[in-house]
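Written out below as structure tokens is the structure these notes cover.
The values are calculated or read from the model by the stated rules, or taken from the named source; none is laboratory data. Remember, predicted model here, so these are calculated numbers, not experimental data. Using ideal geometry, Cβ is built from the backbone for each residue, glycine included, and neighbour counts are taken over all protein chains shown.
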Amino acid sequence: MIQKSHLSNIDIWKQWKEFGILEAKQSLIETYLPLVDYVSNRLSVGLPKNVAKDDLASFGVMGLIDAIEKFDYLRGLQFETYASWRIRGAIIDGLRQGDWVPRSVREKSKKIEDAYQKLEQHYLRSVTDLEMSAYLQVSEHEFRQMVQEIAVTTVCSIDDPIREEDSETRLSLLIDERAKNPEYKVNEFYLKETLAKAIERLTEKERTVVSLLYYEELSLSEIAEVMNLSPSRISQLHSKAILRLRGSLGRYQDQLFQDS
């Protein structure tokens, strides 16, 4: 029987990884279970009402168990960060398998993402809703409705492939930065530079939403209170920001794979 109070986390990891003691694994699951609640609560904001929080938690627990099984505690990395990504990916994969987003909505998301990519590459600046609606041949009101519809698709899984035809995923890019890999470092530099420029092109409100959500870790409802806007408006701003960033990173990926 594991007496957790007399063991440090590293001792429990050792008992599980080196000796396969199941009580140690169970102890780790119980220790890090709050991560599942944290991630699932953040993801639940903006999802359709028919998505139950219990389902998110169930998917998240599977992600946590997967993280505990695959984590290498000897590398000295933060398990909480690694596990949060795994939990997030497991939840989104579980929702995707349940066909939670209609194909038509995904097609709209891709259409808007491509439009942002082409227009902002042409103008070299953040394009307006009016320019987007003109390009898509819809009214501004219809464009905003489209953005609202695809809000749930802007939650991305790191288990998604970098390119649709590839098996390499975003998770595979989370490698040990201590490793000496010049090619990776060069690509990482250009990726960060591209992302920084893309963030600069966001509107002021979009940058604020991204900052509060991903850096201050506020929920969309909390951001709505801070910015004195409705949650649906915050959701729209978040969706447009993510679609712009995807478009910019899509250009980076195209250039990277052409050069390689």
Item checked: Close pairs (9 angstrom Cβ cut-off, 6 or more residues apart or separate chains): of a type in the set (Asp, Glu) in segment 201-216, crowded, with 19+ Cβ neighbours inside 10 Å and assigned to a helix (DSSP H, G or I) anywhere -> Glu206/Leu237; Glu206/His238; Glu206/Lys240; Glu206/Ala241; Glu206/Arg244; Glu216/Ile223
Item checked: Breaking point among (1) touching a Phe, Trp or Tyr at 6+ places or on another chain (Cβ under 8 Å); (2) in contact (Cβ under 8 Å) with a residue 12 or more places away in the chain; (3) β-branched (Val, Ile, Thr), for Val147 -> (1)
Checklist line | Single unsatisfied condition, Leu33 versus (1) modelled with pLDDT under 90; (2) closer than 29 Å to Leu220 by Cβ | finding: (1)
Notebook entry, point to check: Looking at segment 58-96, which of its residues are surrounded by 14 or more Cβ atoms within 10 Å (Cβ to Cβ) and over 22 Å from Tyr214 (Cβ atoms)?
Noted result: Ser58, Val61, Met62, Ile65, Asp66, Ile68, Phe71, Tyr73, Gly94
